[in-house]
Every structure is written in C-alpha cells, then in structure tokens.
1. For segment A:165-180, does any single residue satisfy the condition of being of a type in the set (Phe, Trp, Tyr), assigned to a helix (DSSP H, G or I) and closer than 30 Å to A:VAL250 by Cα?
2. Quickly run through segment B:122-149 and pick out the residues that are assigned to a helix (DSSP H, G or I) and more than 7 Å from chain A (Cβ to nearest Cβ).
3. Among the residues that make up segment A:161-175, is at least one of them among the acidic types (Asp, Glu), under 25 Å from A:ARG256 (Cβ atoms) and more than 17 Å from the chain's Cα centre (by Cα)?
4. Among the listed residues A:VAL140, A:VAL199, A:VAL189, A:VAL211, which satisfies the condition of being more than 30 Å from B:PHE134 (Cα to Cα), open to solvent by less than 30 Å² (accessible area, probe 1.4 Å) and either out of contact with any Phe, Trp or Tyr (no Cβ under 9 Å at 6 or more places or on another chain) or modelled with pLDDT under 95 (or both)?
5. Looking at B:VAL116, B:VAL91, B:VAL106, B:VAL96, can you tell me which residue is open to solvent by 40 Å² or more (accessible area, probe 1.4 Å) and either assigned to a helix (DSSP H, G or I) or more than 8 Å from every other protein chain (Cβ to nearest Cβ) (or both)?
6. Scan segment A:38-91 residue by residue and report those that are among the aromatic types (Phe, Trp, Tyr), assigned to a helix (DSSP H, G or I) and within 11 Å of chain B (Cβ to nearest Cβ).
7. Filter segment B:235-245 down to the residues that are surrounded by fewer than 23 Cβ atoms within 10 Å (Cβ to Cβ) and in a helix (DSSP H, G or I), then identify the one that is farthest from the other protein chains (Cβ to nearest Cβ).
8. Quick check, is A:ALA14 surrounded by 18 or more Cβ atoms within 10 Å (Cβ to Cβ), among the hydrophobic types (A, V, I, L, M, F, W, C) and over 26 Å from A:LEU193 (Cα atoms)?
Amino acid sequence: MAKKSGGLGLFLYAVFYLAFLYVPVLFLPLFSFNNSTFIAFPLSGFTTQWYQQMFADEAVQQALFNSLRVGAIAAVAATTLALPAAKALTRYRVPGGSAVLGLANLSLFIPEIVLGISLLILLSVLGIPLSLWTVTLGHVVICVPFAITVLMSRMEGFDESLEEASLDLGESGWMTFWRVTFPLILPGVISSLLLSFMVSFDDFLIAYFLVGNDATLPIYIWGQLRFPYKLPSVLALGAMILVASTILVVIAEVVRSYGLKDRHKMVGA
Amino acid sequence: MTGVEVGSVGRLARFYRRSEAARGLLLLSPTMAIMLAALAAPMILLALYSFWTQDGYAVNTQPTLAQYATSLGRPTYRALFYRSIEISAAVTLITVLLAYPMAYFVAFRVDKTKFVWLILLTIPFWTSYLLRVFAWKLILGYNGVINSGLMSLGLIHQPLEFLLYNPTAVVVTLAHAWAPFAILPIYVSLEKIDRSLLDAAADLGDGAVRRFLRVTLPLSLPGVIGAAVLIFVPTTGDYVTPTLVGGSGGVMIANVIEEQFDKVGNWPLGAALAMASMAAVAVATLLFVAALRAAAARIR
C-alpha cells in the first residue's frame, strides 16, 4: 500500500470546505429566529413570529401547493419517461442510443435561461397560454437527465441473469419487467422521483419565463426579496425548505443505495 | 390483399421479437419524442427567431443578420459577453481548484463514511438556489453579516462597501452555489482509478508528489474536464446571481436577454443574444478542453 501523506491537512481542508458550504446556508435559520427586521449582528433576541407570519400567509400556502403539484407531476412524468429509456440503454444495443442519451443530457449543458426563453417562444408560436402546466413541461425537460442517470446506475447495479432466468422460465418480457426488474430497481425509481421533485421544486428561472398567473414557491420568494420588511418571513420559509430538502436528500440517497453492496459508488454516478 | 398484409405484419412482429435494436428504439421513443418536442424544437425555433426582426407587435420572418450585427456590434453587449465569460471562467477555475482536494479526500482518505460525506456535500445544493444566492447578499451587504460582525467587534467603524454589488461577489456566490457540480464528477473519476497503479508507482520508487502528478492527476482529468464544462457552460447564463449580488458592475449577458424578453419585447434580439452567448461559450469550452488535453499529453 502506498504511504498516505498529508492526512491531517486534507482532513482539516475537508472540514473547512464543508463549513464554506454550510455557513451561508445556515444564516437562513439563524436570522429567521432573530427578533428584528434588520438582518445583522448582533442578534437582538429570539422569536418565532416570522414563522407564524409565514404560516398565516395565504399566498405562501397557494405557492407551496402549486410547487408541490408541479413537482409531483413533473417527477412522475420524468421518471415514467426515463424508465423505458434507461432499460433500453442498459439492456439493448440500440443504434443511436447514445445520441438519445446525449439529447436528454443536453438540458444540463444549456443555461436555464435559454431553455426558458426557447420554450416560451415555442409556446407562443403554438398559441398555448402560460400556466402551471407549461412550467411542468419545462421541468420535465430538466428532470429527465437526473432520472435517467439514477435509473441507469440502478439497472447496471443488479444481476441481469435474474431477468434471463425469468424469460427462460417462460415469463413474457412485460411480466419479467413487472415481477423481476421493477422490484429490483424500485429504490432507484423512488430516488428518481424524489430527486426530480426537488429539481422542479427548486427551479426558478424556467418557471420565471413559463409561469402564468399562479406563482410557484421560488417565483413567490423572488417577488418577496424586494421588500425588506418581508425578508424575515422569507428566511423562515427558507429554513423550512432547508429542513425539508435535507430530509428528502437523505431519504433519496439512502433508498437509492438500498440493497447495493457498493453503496458509496452509486452516489456520485 | 389481406393475406399479404397479415404476412408483412407477421414479419414485422418477428423482426421486433428478434431485434434488440427495434425493441430498444421502441422503448426510447417516448423520451426521444418529448426531448425533440420540448428541447430540440424550441432550440431550433430560437435559432430561427435570431434571424428575424421585431416589427411592432408582429415578427417579420424575412431572414436577416441584423440581430447578430446588433448583438456583436454594440459595445455594451460585447462588454457583457466578455464579462460573462470572464466571470464564469473565474468561477470554474476557483470551484474546480477548491473541489479537487475535497473530492480527493473522499475518494482516497475516507473509507467507511464515504456515503455520509457525499450526502453532506450534496445537501446544500438541494436547498433553494434563490435563497443560497440571497444568503450571500446577507453576508456581503452594507448591513450584512461581515460588516455588522466587524463593526460590533470594533475592527471597522464604517461598513465596507466594496463587498457587494461587483463581479467578485458574483464569482464567490457562484463558486459556492455550483460546488457539488465540481465535486461529484471529480470524485467519480478519482474513485475509478485502479489503486494498484499507485502501488506500482510506489514500488518503482515514485514519491507521493510524482505519483500524484503522473498517475492520479492525469487519470482524473476526465472528471476535471466534466466538472469544468458542467460549471462553465450553465453559469454564463445565470440570471439570479448577477441580479441579486452583481450590481451594475456585475451584470451578465442573461440580464439583457431577460430584458429583451420581459421588458423591451424584442424577442429576435434576445434570441440572437442567447445564440451568440451559447456560441461564444461553446468555442471557449472547446479551446479549454483542447488546451487541457494538450497539457495532459505533455505531462505523460
């Protein structure tokens, strides 16, 4: 084994790096309990009034409901689209398969603003009015690459001979999928649903161009950032999102690696 | 007649059952259809729009290069292209340099808790992008965390005004927001490296530094390139960060694109600005990847 050097230095670096990632984000909950509309040190006192204010705000509830709806539909649609594609790309040699994968992944490499305006142009040419449905469509486009990546890594992670055995025993391709493949990739499916939901839930820019009159949560937050006296309750909202998405990420990752021996390898895939 | 049709349908069915390719294409077709309809078609339409002109409320579809002439000719737009590329290049460089040791640590120094580290590194990425950017406004602002902190410690008496509303604030904020996009690809490529290669290099008498430079670094280059492209390309089009923390000196190309679509109502010009910025980014990316490949070839 090659000698490991600089162990402590690297560890300290990693800790500092984590601090760099977390400290700005943790200011949200910190100031959300501060008893002053001024967001500055020193903190003046502890209060939960911003949370009460936020929970009582009907516009927040409506925006939250809209985001949940858009996110749920986009997640189901993206995962449903990605499932057969992931199966085709991992199980069959398909001519042009990598081209399709490239096209699906393209949305990761195009700035969101460009995706937003190009869809806006298409919708206006077709005469389709903007609504939460058009936002959902935009979100499906950005969710598909995440869904395909998660599902493909899951499909590559189990023994294909289980599928072959089922086919040899006389099950049809369809039944083999439902009774063998699907249960084995179910953790990947759940993870894909959660990650897609979070991509949609967090998206601002595509929604900004495609939204009609009903705001999603990021659109609502964007509107509030202009008013200083509204900031503390926006921070309370941000703190709630932080907690909720932390829980979802952990569930998504734990579920995704469930039943895989090499669990750490799946996270970055 | 019917007999012939049944026969050809039968042949088709047999072909389908036998052919992996046909089955694969059938499974791929829904994804392909939506991606063509909602990604390729809009992009093609955007390209078409960039050759048209805005005629009051209507669009004149007579092809012209007028929008490109404006996009590339007007000094303010040219300056914005340069600035967007500079800012994104700086973000990419800083993010990749900071992320590399972190990814290296998880890939090579962590054993049983890799999973925990990777989750810890991704969690901040999943919390509201808007609010992560906004958090930096809270930190760098006139009454922000840094200024109020330093003042309550008595280190300064006037808030520092150079912290917020400039390109540096945009770079810092983006480097924070896009960190996971650097860590994960680099981590994956480091994790794939066959550890016996390092042992072999050690057995042949290479020290830690030489081992890193001649084995680890070159083999992790695909991850580094992936990370760089994954950050550089989308950040050039970021709108939220320049708007919130950029100030007038930190405006980027996305801000004028948004303006054309939202306020001015000149979609063809907005489309041309978007196309031109994507082309500029594509050229810059290809040059960068070629340069990095050439440098890597020289190391080996």
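The values are calculated or read from the model by the stated rules, or taken from the named source; none is laboratory data. Everything numeric in this text was worked out from a predicted model, so none of it was measured. Virtual Cβ from ideal backbone geometry, glycine too; neighbours counted across all protein chains shown. Side chains are part of the model used for accessible areas, which takes the heavy atoms of the whole protein and leaves out ligands, DNA and RNA. Shrake-Rupley method; radii C 1.70, N 1.55, O 1.52, S 1.80 Å.
1. Pass one, segment A:165-180, residues of a type in the set (Phe, Trp, Tyr): A:174, A:177-178.
When the remaining residues are screened for being assigned to a helix (DSSP H, G or I), the result is A:174, A:177-178.
Next, from what is left, pick out any that are closer than 30 Å to A:VAL250 by Cα: A:177-178.
Scanning segment A:165-180 turns up at least one residue that is of a type in the set (Phe, Trp, Tyr), assigned to a helix (DSSP H, G or I) and closer than 30 Å to A:VAL250 by Cα.
2. B:PHE125, B:VAL133, B:LYS137, B:LEU140, B:ILE146, B:ASN147
3. yes
4. A:VAL189
5. The match here is B:VAL116.
6. Here is the first cut: in segment A:38-91, the residues among the aromatic types (Phe, Trp, Tyr) are A:38, A:41, A:46, A:50-51, A:55, A:65.
The next check asks that each one be assigned to a helix (DSSP H, G or I); those that pass are A:50-51, A:55, A:65.
Of everything in segment A:38-91, nothing turns out to be among the aromatic types (Phe, Trp, Tyr), assigned to a helix (DSSP H, G or I) and within 11 Å of chain B (Cβ to nearest Cβ).
7. Per the stated criteria, the residue is B:THR243.
8. yes
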